[in-house]
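First up is the structure itself, then whatever we jot down about it.
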Amino acid sequence: MIGPSYDLARAIVTLLAAAMAPAGELITAAERLIARDRKSARHDLTREPLWAVVRSDPGELLDTAQAAAAIGRSTTFVGRRLEQGTLPSHRQGEQLRIPKDALMAWKAVLDHFRLLDG
């Protein structure tokens, strides 16, 4: 296959997520990832901790309840994924918070590929 390997495509998704890239860029990168290995990509996008935001200024930060309301899910759903590192998060000292813009881009990616369960 022409283009980067699966591992490189995955690294690009991780870097874009860390930089809080817009949803369109993340979707394009995820499309490249899925084109290389659909099964692995589905697993990595939903079950692997690749969504950590490392920007010094991640913008508005949400707690679990606020994030749940923003994406229309339960606080249990958000809390579990926050613990697993499978949704955007940003560490500020001892607190792990959810950057709103990154969360909405994450949701757009998972909705685009229909990766969110029930």
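Tally the residues that are among the aliphatic types (A, V, I, L, M) and buried (at least 18 other Cβ atoms within 10 Å of the Cβ), restricting the search to region 35-49. Steps first, answer last, please.
Start the filter on region 35-49 by keeping residues that are among the aliphatic types (A, V, I, L, M), which leaves 35, 41, 45.
Filter once more, keeping what is buried (at least 18 other Cβ atoms within 10 Å of the Cβ): 41, 45.
The qualifying residues number 2.
Say whether the condition of being in a loop (DSSP other than H, G, I, E, B), under 18 Å from Ser40 (Cα atoms) and either among the acidic types (Asp, Glu) or touching a helix residue (DSSP H, G or I) at 6+ places or on another chain (Cβ under 7 Å) (or both) is met by at least one residue in region 84-106.
Start the filter on region 84-106 by keeping residues that are in a loop (DSSP other than H, G, I, E, B), which leaves 85-88, 93-94.
Those still in the list that are under 18 Å from Ser40 (Cα atoms) too: 85-87.
The next check asks that each one be either among the acidic types (Asp, Glu) or touching a helix residue (DSSP H, G or I) at 6+ places or on another chain (Cβ under 7 Å) (or both); those that pass are 86-87.
Checked against the condition, which is being in a loop (DSSP other than H, G, I, E, B), under 18 Å from Ser40 (Cα atoms) and either among the acidic types (Asp, Glu) or touching a helix residue (DSSP H, G or I) at 6+ places or on another chain (Cβ under 7 Å) (or both), region 84-106 yields at least one hit.
Those residues that are over 15 Å from Ala41 (Cα atoms) and either outside any helix (DSSP H, G or I) or in contact (Cβ under 8 Å) with a residue 40 or more places away in the chain (or both), I need them from region 10-23; list them, please.
Ala19, Met20, Ala21, Pro22, Ala23
Answer yes or no: is there a residue in region 4-11 that is hydroxyl-bearing (Ser, Thr, Tyr) and closer than 19 Å to Leu87 by Cα.
No, because not a single residue in region 4-11 is hydroxyl-bearing (Ser, Thr, Tyr) and closer than 19 Å to Leu87 by Cα.
On the given criteria, is Gly85 at pLDDT below 95 and either of a type in the set (Ser, Thr, Tyr) or over 24 Å from Arg10 (Cβ atoms) (or both)?
Spelling it out, it is not the case that Gly85 is at pLDDT below 95 and either of a type in the set (Ser, Thr, Tyr) or over 24 Å from Arg10 (Cβ atoms) (or both).
How many residues are in contact (Cβ under 8 Å) with a residue 60 or more places away in the chain, surrounded by fewer than 19 Cβ atoms within 10 Å (Cβ to Cβ) and aromatic (Phe, Trp, Tyr) if we restrict to region 59-118?
Count: 1.
The values are calculated or read from the model by the stated rules, or taken from the named source; none is laboratory data. Keep in mind that what you see is a predicted model, and the values were worked out from it rather than measured. In this analysis, Cβ positions are derived from the backbone assuming ideal geometry, glycine residues included, and neighbour counts consider all displayed protein chains.
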